[in-house]
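Structure first, then comments.
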Protein chains: 2
Amino acid sequence: MRILVLGGDGYLGWPTALHLSKAGHDVGVLDSLVRRHYDDEMGVDTLVPIRQLQRRVATWKEASGLTVVPFIGDLTNHSFVLETLRVFEPDAIVHFAEQRSAPYSMIDREHAVYTQVNNVVGTLNLLYAIKELNDEIHLVKLGTMGEYGSPNIDIEEGFIEITHKGRTDVLPFPKNPPSFYHLSKVHDSHNIMFACRIWGIRSTDLNQGIVYGQQTPETALHPDLATRFFGTVLNRFAVQAAVGYPLTVYGKGGQTRAMLDIRDTLACIELACLNPPDAGEYRVFNQFTEQFSVRDLATWVARVAPVEVTVESIPNPRVEKEEHYYNAVTTKLPSLGLKPHLLTDAHVRELVELAITYKHRVNPEAIRPTVNYRVTRSEVSVAGGAVGE
Amino acid sequence: MRILVLGGDGYLGWPTALHLSKAGHDVGVLDSLVRRHYDDEMGVDTLVPIRQLQRRVATWKEASGLTVVPFIGDLTNHSFVLETLRVFEPDAIVHFAEQRSAPYSMIDREHAVYTQVNNVVGTLNLLYAIKELNDEIHLVKLGTMGEYGSPNIDIEEGFIEITHKGRTDVLPFPKNPPSFYHLSKVHDSHNIMFACRIWGIRSTDLNQGIVYGQQTPETALHPDLATRFFGTVLNRFAVQAAVGYPLTVYGKGGQTRAMLDIRDTLACIELACLNPPDAGEYRVFNQFTEQFSVRDLATWVARVAPVEVTVESIPNPRVEKEEHYYNAVTTKLPSLGLKPHLLTDAHVRELVELAITYKHRVNPEAIRPTVNYRVTRSEVSVAGGAVGE
């Protein structure tokens, strides 16, 4: 297949592109490189050093003999989107190319507006380009399990059958997301569902859980192929453990979230590409393998880390339930053949060891959360250092 | 109360401002006047002549002795929003100030993107300004019944109790809207609900049905106080009857919609303002009084119009169910005291007679729908004339 990975320079986009390339697909990567700008803006470096996209692509060619074609530009530029699709002629488009951080979207008004406009307009441009150029193209869109919030009922895969006053319908699962970033994904989901319905295009919306891990078989081939180490929950705890900082649990720590290994992300995306929906179909996969509470993850890291670790509850900078029911369904990806990498002591330890290897790059100032969701403007500048998100 | 009406130069915003002024409130109107620009862009005139906002305000002062304060500017300009709120110090803000036409949003990519960015950013700016300046301000936001689509279950007021696999929760009512315009309102609703939750601000989201009628007790005081005649469904049929054009029913005409009289819009908005929600509360009122199918309305107009009328089914330019279950709940506004003006033969006849009075301003070319939802680009230019939407 010809697969174009949007956001192909990012934490997951880059290893996805390599995985698909290795699997025999013709792969292009489109990226505006703005992800690197966010780091500059926050004054942080990546924990694991990463190379420029152009160097990554060249190294992949040397290491594997395979070609990944880069397209540098922004999805909010419609003529660039059209031109790239015209040139590359993809069968499937994997869409990671959005502002991806909840706290970043909550810094202030400017960042909230930027996040929603950037994400919504980029996806609208893509929907129009697909309809205008080739409505057979399968749009594989990265959403998030966060779109659902934490309802007191089981979370189904995108739709739920509701019986109400003696009548029944299958309707979109109600959304109650926890940040302007997550809201941007909810907006996207509604726009994509509508475009499939009126234009007959096809899309898979992957509501992904929180990803942990950093290395994949392909990125391990050469240091220049490394992807960044994105600092959410388990990855963040690994860094805190490495530098001897307490693991910071927000409030009670009973927040339960769906999670998955980075290698399963790549497998899920390939499965979605290989098994496209029908024309006009909008389908949702819940893309995760396990559920953990934040408190349980902190305890786990403390138990198996090769260094002394303490756990600290800090005032919750977010507005969320700290103890709640959480049970999400995921059957569609397993039924397509997903074989999960479940979290093990060995893997938790490896994550901490990886962070220890690079701990000289960490600035402790960048570790504490700096964005308070309860106010409309947070000061986020730090003196520089890794893992600010 | 001090009430600021955003979009106060529009079809409903202007008569709402006058109604609230007459009722004894201190009223400001904010408007970018872009609604007049849309008419210029489409090459259409208003059926009923309307005056410039500044003249309207001056005439209101002469006719009633009451002052309405105009603020000319755009909600997407955050510093203008902040400055207006600082100067006017409203207790409540009534928010009509959005691109308001579904077909306009479906013309092409540029109009879809404009609609969503304009509406979403304007509302985000407002939410931030309220939180930053005075979180007691009650935001009364105009949504639409169209946000819900036409589910096969009864439509509740914003939220629905769902029992699923033995567990129960009250969740946002699932949304399945029929245009990029309606989608912009769904995005707004999610953003507002979130802002209320994290910041403790208060908002009433009025999911309004389709409004008919043009005259209110206040606009009737002087021709310079007239509001525009907005051409959706019943208003459109009145114009078609007036000029001897067949009433154009889209497809089978079984599309059932919630509707209300323009005078009830004004009453509902005042009721919402006078009965604010608690701090942090996001509530939804379904704002309509009756439900009609498009076919029934066409038959009604044909039956009572003072002229010969024919009804014609034309290919549906929209993508929607043409026969479906539809039953929406509305109890909250009646419980606050709403006394509906139900549709009568006399009122239908009056609407046609009004259109006959101004039929010399109508260009028949502007009557047929020109926007086809199934394609990504529609030609909308006409030779000029009234009622192009």
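Points to keep in mind about this one:
- A straight chain from B:Thr67 to B:Glu365 at 0.36 nm per residue would run longer than the Cα-Cα distance by 103.3 nm.
- Partner lysines for A:Lys131 [C-alpha distance under 16 Å; skip if fewer than 8 residues away on the same chain]: A:Lys141
- What you get for the range A:153-250, charging only the Cβ of Lys and Arg (+1) and of Asp and Glu (-1), is a dipole of about 280 debye around the Cα centre.
- Charge dipole of chain A about the Cα centre (unit charges at C-beta), most positive-ward option of A:Pro103, A:Ile130, A:Leu271: A:Pro103
- Whichever lysines have a C-alpha closer than 25 Å to that of A:Lys61, once near sequence neighbours (fewer than 8 apart) are set aside: A:Lys22
- Whole-number percent relative contact order across the range B:222-295, with pairs defined as alpha carbons under 8 Å at least 6 apart: 41 percent
- The convex hull defined by the C-alpha atoms of the range A:159-240 has an orientation-averaged projected area of 9.4 nm².
- Each distinct pair of alpha carbons in the protein assembly as shown adds a 1/r term; the inverse of their mean, the Kirkwood radius, is 27.6 Å.
- Sorting B:His19, B:His187 by the number of Cβ atoms found within 10 Å of their own Cβ, with the fewest placed first, yields B:His19, B:His187.
- Computed label-point distance, nm, for sites A:Tyr38 and A:Lys252 using a 7 Å Cα→Cβ extension: 3.0 nm
- Evaluated over the range A:245-296, the Cα radius of gyration and Dmax, each in Å: 16.0, 51
- Flagged links, alpha-carbon separation over 27 Å, of B:Lys185/B:Lys359; B:Lys175/B:Lys332; A:Lys339/A:Lys359: B:Lys185/B:Lys359; A:Lys339/A:Lys359
- A Gaussian network model of chain A, with springs between Cα atoms under 10 Å, assigns the largest mean-square fluctuation among A:Val29, A:Val304, A:Val186 to A:Val304.
- The charge dipole of the protein assembly as shown, taken about its Cα centre with unit charges on the Cβ of Lys, Arg, Asp and Glu (plus for the first two, minus for the last two), comes to roughly 200 debye.
- Relative contact order of chain B, defined on C-alpha pairs under 8 angstrom at six or more residues apart (%): 21 percent
- Placing pseudo-labels 7 Å out from each Cα toward the beta carbon at B:Glu83 and B:Met1 gives an inter-label distance of 2.7 nm.
- Counted charge near A:Thr16, where neighbours are those whose Cβ lies closer than 10 Å (Asp, Glu -1; Lys, Arg +1): -2
- Which of A:Ile72, A:Gly43, A:Trp60, positive extreme of dipole for the range A:29-81 (C-beta unit charges): A:Trp60
- Expressed in units of 2.2 N^0.38 Å, where N is the residue count, the Cα radius of gyration of the range A:140-205 is 1.19.
- C-alpha center-to-center spacing [the range B:5-78, the range A:1-29] in angstrom: 53 Å
- FRET E, pair A:Val329, B:Glu350, Förster distance 51 Å, beta-carbon r, rounded to 0.05: 0.40
- Within-9-Å neighbourhood charge of A:Phe173 [Cβ basis; K, R +1; D, E -1]: -2
- Within straight-line cross-link reach of B:Lys165, aspartates and glutamates at Cα separation under 13 Å, skipping those fewer than 8 residues along the same chain: A:Asp154, A:Glu156, A:Glu161
- The residue among B:Val362, A:Val352, A:Ala302 whose Cα reaches farthest toward the positive pole of the charge dipole of the protein assembly as shown, with charges on the beta-carbon of Lys, Arg, Asp and Glu, is A:Ala302.
- Sorted by Cβ density within 10 Å, fewest first, the residues B:Arg55, A:Arg318: B:Arg55, A:Arg318
- Calculated over chain A: convex hull of Cα atoms, volume per residue (Å³): 132 Å³
- Max mean-square fluctuation residue, GNM over chain B, Cα-Cα springs under 10 Å, options B:Tyr104, B:Tyr282, B:Tyr38: B:Tyr38
- Remark: chain B carries a charge dipole of roughly 360 debye about the Cα centre, counting +1 on each Lys and Arg Cβ and -1 on each Asp and Glu Cβ.
- Separation in nanometres of the label points that stand 7 Å from Cα toward Cβ, at B:His222 and A:Asp135: 5.3 nm
Bear in mind that the values in this text are calculations on the coordinates, not laboratory data. On a predicted model such as this, the values are computed, not experimentally measured, just so you know. Neighbour counts are summed over all protein chains in view; Cβ atoms, including those assigned to glycine, are modelled from backbone coordinates with ideal geometry.
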